[in-house]
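The values are calculated or read from the model by the stated rules, or taken from the named source; none is laboratory data. Just so you know, these numbers come straight off a predicted model, no measurement behind them. No Cβ is skipped: glycine too gets one built from the backbone with ideal geometry, and neighbour counts run over all protein chains shown. Each accessible area value is taken on the protein alone, full model and side chains, heavy atoms only, with ligands, DNA and RNA left out. Shrake-Rupley method; radii C 1.70, N 1.55, O 1.52, S 1.80 Å.
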Amino acid sequence: MSASRENPPLEKSFIPRYRQIALQLRQGMMSGELAVGARLPSSRTLAQELGVSRDTIENAYGELVAQGWLERRGQSGTFVSHTPPGVRSRATTSPLSAHQQPQPFQMGLPALDAFPRALWGRLLGRRQRSQTGFDLAIPEPGGELSLRQAIAEYLRYSRNIDCSAEHIFITAGYAQALRLLLGVLATPQQGIWLEDPGYPLVRPILAEAGLRFCPVPVDSDGMDIAFGRKHFPDARFALVTPAHQSPLGVALSADRRRQLLEWAARCGSWIIEDDYDSEFRYHARPLPPVKSLDGPQRVIYAGTFSKSLFPALRTAWLVVPPALATAFQQAISRFPCTVPTLIQQTIGDFIHGGHFFRHLKKMRQLYGLRHENVTQALAEQGFRVAPQSGGIQLVIEVDEDDVLLAQKANRAGLAVQALTTWCSREPARRGLLLCFTNVASLSEARRLAKRLRDAISL
Ligand SMILES: Cc1ncc(COP(=O)(O)O)c(C=O)c1O
């Protein structure tokens, strides 16, 4: 326990030892270091670790059980109680728990209530029990083979992308995927086309690599490729979200996909296709990914499990053209995959077992419904929702200062974002961005839409 290392030696205090230990544990629970539901070490183990008698630990645990902080579950052990006194009110104000607790409309989250956690837990347990000593050794820097094979299978059936495991590199999230990619291909001062508006979290990573930003406007057909070719013909990269542009949700038209590939082939540039939430479309058939049309082999495809499973997995991947595979394999030791082997294997099992496809199908239906509910509730409150082709977020068009409106909404506990802050050029487009996936019913949608209306009318 870290608390025991940070506190003064027990012998120097006049407070009885068992009480000091109880206080340290309580502090850990209040700060969130010991999470609700966490299992405490057995009294024998903790006694050994702290160099005290087992009775001392039993007394400390006993006091905390009596106060409601801990609960004993027979032979299973002692756990942090689900309702520790006072924790809830404190926890909601700490930055850690604000980060952990999703807020209404929070961007980028899949439906956390709909993930099959029991099934996931079973697969995780089964995989852990069947691991051999070999699985505990140094992992493959480019990611577990079984997961890379599963991703290749999924991409072939679901996205019409023909690739094999040796062209796939697993990374701990999209940012890490970009770092790997730029580590192999980028040199400072090269230009990169960026969608305007576009996902702001990539900017620091691109800046780290010394790239020159080339903002390219987005209209109802996605990134304006003709603009990019005219103003930044010599850029080395184009970073695009063709399925559902982030954040506007429009699709890159078929014609522009062709133009983009033509430009990249002619100029020897690289297209980075960020396909982060392409699984979620509700009406028309989606356009094929740029990667599936990649005759000239200029596309590096980036996928993630953050939306299709859940973000805490921190697992993403790249598919690189065969001609780049060796360069990536050589670079991977500098950017090794840090996703634990057990997690990678379990995701692989989830896909191989057919659960991934079933889950995506269920989520498409659920999100279709939740999307309709939120759009309807917002319209009832007089909001204009921009048309889009799919994805998990919405844009409300506004004429007023969207930063101010977002601040008012945030003060009312609604995690909407201002579109202006996703823009590079003036005049910035105005709008409010929100995610609808965790709004469970029409009545909840109506409550939230009214709360948003009331908050911004103040
Ligand atoms: C546009 C876009 N690309 C990629 C990602 C995936 O990032 P990660 O895999 O790090 O969760 C996100 C996540 O929100 C996103 O919004």
Among all residue pairs at least 6 apart or on different chains, which show Cβ distances below 8 Å where the first residue, located in region 307-318, is under 15 Å from residue 144 (Cα atoms) and among the β-branched types (Val, Ile, Thr) and the second is in a loop (DSSP other than H, G, I, E, B) and within 10 Å of the ligand (Cβ to nearest atom)? 315/172; 315/173; 315/305; 315/306
Could you go through region 344-365 and let me know if any residue there is without any contact (Cβ under 8 Å) to a residue 24 or more places away in the chain, in a helix (DSSP H, G or I) and acidic (Asp, Glu). no
So, of the residues in region 260-272 that are open to solvent by 10 Å² or more (accessible area, probe 1.4 Å) and in a helix (DSSP H, G or I), which turns out to be nearest to the ligand (Cβ to nearest atom)? 261
Pair list, Cβ under 9 Å, 6 or more apart: region 393-419 residue more than 24 Å from residue 369 (Cα to Cα), other residue open to solvent by 70 Å² or more (accessible area, probe 1.4 Å) and among the small types (Gly, Ala, Ser): 408/457
Filtering helices (runs of 4 or more DSSP H) wholly in region 1-105 for at least 3 residues that are under 30 Å from residue 311 (Cα atoms) and modelled with pLDDT under 75 gives 17-31, 87-91, 95-100
Take residue 164 and decide whether it is modelled with pLDDT under 95 and either surrounded by fewer than 16 Cβ atoms within 10 Å (Cβ to Cβ) or at negative phi (or both). no
In the set 421, 437, the lone residue that is under 23 Å from the mean Cα position of the chain (by Cα), of a type in the set (Ser, Thr, Tyr) and outside any loop (DSSP other than H, G, I, E, B) is 421
Which count do you get for residues in region 285-342 that are more than 14 Å from the ligand (Cβ to nearest atom), over 23 Å from residue 185 (Cβ atoms) and crowded, with 23+ Cβ neighbours inside 10 Å? 0
Given the condition surrounded by fewer than 16 Cβ atoms within 10 Å (Cβ to Cβ), assigned to a helix (DSSP H, G or I) and at pLDDT 95 or above, answer yes or no: does some residue in region 377-396 qualify? yes
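One line per residue, one yes/no per condition, for (1) free of Cβ contacts under 8 Å to residues at least 12 places away in the same chain; (2) assigned to a helix (DSSP H, G or I); (3) away from the ligand (no atom under 15 Å from the Cβ); (4) of a type in the set (D, E, K, R):
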site	(1), (2), (3), (4)
214	no, no, yes, no
234	no, no, yes, yes
249	no, no, no, no
258	no, yes, yes, yes
277	no, no, no, yes
280	no, no, no, no
Every residue in region 180-200 that is within 15 Å of residue 274 (Cα to Cα) and surrounded by fewer than 20 Cβ atoms within 10 Å (Cβ to Cβ), please. 199, 200
